[in-house]
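In what follows, a single structure is set out as structure tokens and then discussed.
No lab work stands behind these numbers, since they all come straight from the coordinates. This structure is a prediction, so every number in the text was calculated from the model and none was measured. Here the Cβ is made from the backbone with ideal geometry for all residues, glycine too, and neighbour counts use every protein chain on show.
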Amino acid sequence: MIKNILLGFFALAALALAALIVLDRLGDRSTDPLVRCANHVAQHRLMLRLFLETESAKLPEALDAREALRAVLKELKSETASWLDTELAACPEPYARRRSIGYVYFGSGLAAEVVREKKALVLLCPAESHEGRWACGLAGGEGGLELFLGDGAQALELLSRAVRAGERGEVAYTKDALHALRDERDRRRARLGRE
Ligand SMILES: [Zn+2]
């Protein structure tokens with residue numbers, strides 16, 4: 001019974017996702033890389049929120065954002081995973097340079113509850129994107145997972161807070177994720193010309 005309900009849920013989720021992707025493809029004509037980036041992150045937010053409502057309630061254990069999102073699509077029984085290899089899923093600049101999805105993923109293995117209550121940082125544009133002036137990302141919040149769109153200083157603050165939470169053990173970022181958080185924090189700080 002529960003399994004059937006879950007399967008029904010997954011089918012609906014997959015349908016909703018397919019509709020979203022079609023809408024995104026129709027609507028993704030903005031020439032502004034930041035607007036495109038924010039659209040892509042908003043789409044990832046919807047997928048991850050659906051995923052976190054399933055029984056696993058834990059973000060995928062993965063080293064990078066593309067791998068994590070692929071695991072999410074697999075769990076949601078979506079047939080559209082190849083879309084993750086396109087610009088429509090990526091931060092546009094790293095994608096143009098090396099076909100990278102761009103977003104740095106910090107959420108590996110974090111429980112939904114921790115993400116929400118500790119406002120854990122899940123993913124963020126790399127420091128070199130949008131000239132370091134802007135960043136899009138996802139972090140925990142009252143709605144479970146919120147879209148972050150901020151300037152360089154706000155992104156630095158977000159990263160610094162995440163590093164502190166990781167170092168204090170408030171959020172169980174993996175060793176690799178904590179390393180990536182410190183690295184992104186330091187590169188943003190250097191861009192902003194701070195010590
Ligand atoms: Zn971006």
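Below is a table of values for the structure above.
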item	result
Among the listed pairs Lys77/Lys119; Lys119/Lys175; Lys74/Lys119; Lys77/Lys175; Lys74/Lys118, those beyond 21 Å (Cα-Cα)	Lys77/Lys119; Lys74/Lys119; Lys77/Lys175; Lys74/Lys118
Nearby aspartates and glutamates by direct alpha-carbon distance to Lys58 (threshold 17 angstrom, same-chain neighbours under 8 apart not counted)	Glu67, Glu75, Glu113, Glu117, Glu142, Glu146, Glu170
Using a Förster distance of 25 Å, the FRET efficiency for Arg164-Leu192 (Cβ separation, nearest 0.05)	0.90
Simple label model, 7 Å out from Cα along Cβ direction - Glu113 to Arg99, nm	4.2
